[in-house]
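Engineer: Right, I'll just put the structure down here and ask away after.
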Amino acid sequence: MSADRSVSDKTLLDEFTEDFTKILEKHCKYIIVSGFVAIAHGRSRGTEDIDVVIERITREEFTELYHDLEKGGFECIQPGKPEKVYDEYLTENSSIRFVKKGKFIPEMELKLAKDALDEYQLKTRTKIPLTGLDVYFSSIEANIAFKEEHLKSDKDLEDAKHLRIIYSEKLDEHEIQKIKKINNHTLKGVV
């Protein structure tokens, strides 16, 4: 895969992600996590949603973000006003989903940072030139650690293997082990 993908190489998921994160960036820190990280690195597997974790924001800040997303052509699948969505979903560590108005897929699954691991990933977020996308991802090491240590499904282990192959010369195994420990501990005071 070329280090510089041209605009014509971008997929519907790529464009959807960039459009959504341009709005997010005006309001809060975010990271793209999970399966889309491997897909953005050329792994061929299906997905209809992109997972994003944002820093903890207040109800008022979320309301502003919500309205900005609406102006940008997105709608929230969860019913109700933004204050209700914030109170009933985000503060309960549940995710919410956004789609382009009038479309069912793709979806952006948005969650607030919930623990020290999420906070650590937000602190170490990075743009990954190899993807050709102008978005922030959690680090490659964090993605590998989370998929190998926490998720462990066949699909997630294959994602981790794919990322290990692509970054075999650049991976920081110490960092992967550190993140696995953060994931396995009570997460109190680690970050």
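Engineer: Where the centroid of each part is defined by its Cα atoms, how far is the range 165-180 from the range 110-146 in Å?
Structural biologist: If you average the Cα positions of each part, the centres end up 14 Å apart.
Engineer: Normalising by the residue count of the range 84-147, find the relative contact order in percent from Cα pairs under 8 Å and 6+ residues apart.
Structural biologist: With pairs under 8 Å counted, the relative contact order is 19 percent.
Engineer: Go ahead and estimate [θ] at 222 nm for the chain from helices alone: -39,500 (n - 2.57) per DSSP H run with n ≥ 4, summed, over the residue count, rounded to 500.
Structural biologist: For the chain, the value works out to -12500 deg cm²/dmol.
Engineer: Also: In whole percent, what relative contact order does the chain give with Cα contacts below 8 Å and a gap of six or more residues?
Structural biologist: So the answer I get is 24 percent.
Engineer: Something else: Rounded to the nearest 20 debye, what is the charge dipole size of the chain about its Cα centre when +1 sits on each Lys and Arg Cβ and -1 on each Asp and Glu Cβ?
Structural biologist: Taking the Cα centre of the chain as origin, the dipole is about 200 debye.
Engineer: Put +1 on the Cβ of each Lys and Arg and -1 on the Cβ of each Asp and Glu in the chain; which of 63, 130, 30 then has its Cα farthest toward the positive end of the dipole?
Structural biologist: The residue sitting farthest along the positive end of the dipole is 130.
Engineer: In debye, nearest 20: dipole of the range 1-111 around its Cα centre with unit charges on the Cβ of K, R (+) and D, E (-)?
Structural biologist: 200 debye
Engineer: Shifting gears a bit: Tell me, in nm to one decimal, what length is gained between residue 101 and residue 12 on full extension, where the rule is 0.36 nm per residue of separation less the Cα-Cα distance?
Structural biologist: Using 0.36 nm per residue and subtracting the Cα-Cα distance, I get 30.6 nm.
Engineer: Using mean Cβ contacts within 10 Å as the protection proxy, how do 26-37, 155-166 order, highest first?
Structural biologist: Values: 26-37: 20.8, 155-166: 17.2.
For the peptides 26-37, 155-166, the packing ranking is 26-37, 155-166.
Engineer: In nm, give the distance between the simple-model label positions of residue 153 and residue 75, each being 7 Å from the Cα along the Cα-to-Cβ direction.
Structural biologist: Computed distance between label sites residue 153 and residue 75 equals 2.7 nm.
Engineer: Can you tell which of 53, 177, 144 lies farthest toward the positive end of the dipole of the chain, using +1 and -1 charges on the Cβ of basic and acidic side chains (Lys, Arg; Asp, Glu)?
Structural biologist: Checked the options; the winner is 177.
Engineer: Using the Kirkwood radius over C-alpha pairs as Rh, can you work out the diffusion coefficient of the chain via Stokes-Einstein at 4 °C, viscosity 1.567 mPa s, in µm² per second?
Structural biologist: It diffuses with D of about 75 µm²/s by this estimate.
Engineer: Mind checking the range 97-143 for trypsin sites (Lys or Arg not before Pro) that DSSP puts in a loop (not H, G, I, E or B) and that have at most 10 other Cβ atoms within 10 Å?
Structural biologist: Details: sites: 97, 100, 101, 103, 111, 114, 123, 125, 127; in loops: 101, 103, 114, 125.
In loop regions of the range 97-143 (DSSP not H, G, I, E or B), the sparsely surrounded trypsin sites (Lys or Arg not before Pro) are 101.
Engineer: Arranged from highest to lowest average of other beta-carbon atoms within 10 Å per residue, in what order do the peptides 81-91, 129-139 appear?
Structural biologist: Highest-to-lowest ranking by the protection proxy: 129-139, 81-91.
Bear in mind that the values in this text are calculations on the coordinates, not laboratory data. The structure displayed is predicted, hence computed values, not measured ones. All Cβ positions, even for glycine, are placed from backbone atoms using ideal geometry, and neighbour counts span all protein chains on display.
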